[in-house]
1. Taking a threshold of 23 Å on the Cα-Cα distance, which of the pairs K199/K317; K291/K317; K317/K352; K194/K352 fall above it?
2. Only counting other Cβ atoms within 10 Å, I'd like H290, H308 sorted with the fewest neighbours first.
3. How much length would be gained if the chain were fully extended between A61 and D239, taking 0.36 nm per residue of separation minus their Cα-Cα distance, in nm to one decimal?
4. Please check which bits of segment 328-365 a label hung off R286 would reach, taking the label as a point 7 Å along Cα-to-C-beta and the cut-off as backbone N under 14 Å.
5. Treat each spin label as a single point 7 Å out from the Cα along the C-beta direction, and report the S348 to V177 distance in nm.
6. Counting other beta carbons within 10 Å of each Cβ, put V59, V282, V111 in order, fewest first.
7. Could you list Y184, Y129 in order of exposure, starting from the residue whose Cβ has the fewest other Cβ atoms within 10 Å?
8. Taking 0.36 nm per intervening residue step and subtracting the Cα-Cα distance, what contour gain separates T404 from W143 on full extension?
Amino acid sequence: MLQNKKIAIHDTLIISAARQNLRQLSIIRNIALGGQLLALLFFSQIQDIGLPVITLSVVLALYGIVIAATWWRSFQSPAITELEFFSHLLIDILFFTALLYFSGGASNPFVSYYLVPISIAATTLPLRYTWSIALLSLGAYSWLLVNYLPIPALSPSHHNDSSNNLHILGMWCNFVVSALLITYFVTRMASTLKQQEIKLAQQREDQLRDEQVIGIGTLAAGTAHELGTPLNTMKILVDEMRDEKPDFDDDLSILQQQIEQCRTTLKQLITTAETATDSLEVKPIREYFHKLLERWQVMRPKTQANIHYADNLPECKTSFHPTIAQSLTNLLNNAADASPAQVDVALSWDTKTVELSIRDYGEGITQKQQETLGKPFHSEKPDGMGLGLFLTQASINRYGGEVTISPAEGRGTLTRVVLPLIDELITGKEP
């Protein structure tokens with residue numbers, strides 16, 4: 001679940017950035033088009049150097065249509081993919097190559113504009129697309145060395161032919177070095193920045209979640225003290241009823257167990273708040289889960305629990321924060337609520353992780369429900385408060401674990417919990 005959350009944040013950032021990048025590309029195109037129109041006007045009307053004005057005007061007009069279409073596309077609802085953005089850069093290379101072909105080829109001083117799409121690709125696209133743009137730009141530049149419409153005014157006429165060739169070759173070599181440097185280093189820097197943005201977004205989300213948990217915890221502490229009095233009253237009444245009405249002894253016995261369980265839970269809540277993290281008790285893993293599942297079965301006596309331990313499990317000892325037991329119990333209760341008749345529980349571990357699988361046979365979860373799982377104050381249960389799964393995921397994620405909830409094969413829901421057995425993760429992390 002934690003990994004899925006990171007992926008979702010990453011995808012959201014990519015979608016938002018792609019739309020913004022396309023708009024920025026449209027602005028860059030407008031600036032380039034404006035400069036090219038001014039240059040065409042100057043070198044055809046003020047200082048004529050023999051440019052094919054009509055041909056270049058047609059190319060620039062088509063480019064203007066592409067720019068307008070791109071700007072319109074940036075406001076449309078379908079997501080802008082990396083491949084689509086890559087195709088826009090290819091269109092830029094195509095139009096720029098056409099312009100250079102009719103205006104002196106590689107001798108045109110604006111040939112270095114090929115570095116612009118390379119730089120854009122390096123900062124916005126994955127490495128494979130960036131290398132493709134760089135190689136295509138280099139190929140177009142190399143093709144223009146021998147294929148172009150000569151414009152004498154754009155050639156360095158003060159050199160002889162040999163020097164002229166060396167000058168053009170030197171420009172080409174400079175372009176190759178610049179393209180390689182941009183592709184390699186700018187791509188790495190852009191990747192680092194993207195990772196930092198994802199981490200910052202994750203930290204902001206974790207901080208918001210922790211603030212919610214703290215607020216809920218404060219309310220829970222006050223509620224725990226308030227519940228003590230009515231629970232004691234119920235215990236006294238149940239004891240009296242067992243003495244007066246022996247016919248209901250079985251039902252009253254179950255009711256008494258539930259009351260005792262509630263009182264135990266409240267005591268554990270207070271103990272947990274007073275217990276320091278570094279004084280957690282180290283227990284064998286099998287003993288820990290045996291007691292946890294035993295307490296849960298007392299809470300849900302009418303649910304048939306099929307508990308299975310994997311074969312050849314190592315004898316490991318570890319310590320879990322008390323909130324982990326509460327979280328696992330909440331997941332087990334969710335399964336029992338969905339499937340009161342039967343719940344399958346499977347346990348396995350090695351020296352690094354422990355995995356708990358909980359399978360119920362209820363109605364399962366829909367795609368819409370999957371999207372809202374774990375959100376605070378949102379519950380599909382008629383009497384639910386929408387806090388159980390939120391607090392469960394928050395606690396397990398806080399101590400390095402991961403919760404995955406998915407539809408089970410056939411019918412029902414499969415909940416998978418993975419907890420690390422590394423000391424620094426088990427004892428908790430600072431928020």
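1. Details: K199/K317 33 Å; K291/K317 14 Å; K317/K352 11 Å; K194/K352 31 Å.
Going by Cα-Cα distance, K199/K317; K194/K352 fall outside the 23 Å limit.
2. Going from least to most buried by this count: H308, H290.
3. Values: separation 178, 0.36 × 178 = 64.08 nm, distance 9.19 nm.
Full extension of this stretch gives 54.9 nm more.
4. Residues passing the 14 Å test: 347-350.
5. 5.8
6. Working: V59 20, V282 11, V111 23.
The fewest-first ordering by Cβ neighbours comes to V282, V59, V111.
7. On the way: Y184 15, Y129 19.
Ordered by Cβ neighbours within 10 Å, fewest first: Y184, Y129.
8. Details: separation 261, 0.36 × 261 = 93.96 nm, distance 5.41 nm.
Value of the extension gain: 88.6 nm.
Values in this text are rule-based calculations from the coordinates and carry no lab data. Predicted, not measured: the structure shown is a model, and the values here were computed from it. Glycine also receives a Cβ, built like all others from the backbone with ideal geometry; neighbour counts cover every protein chain displayed.
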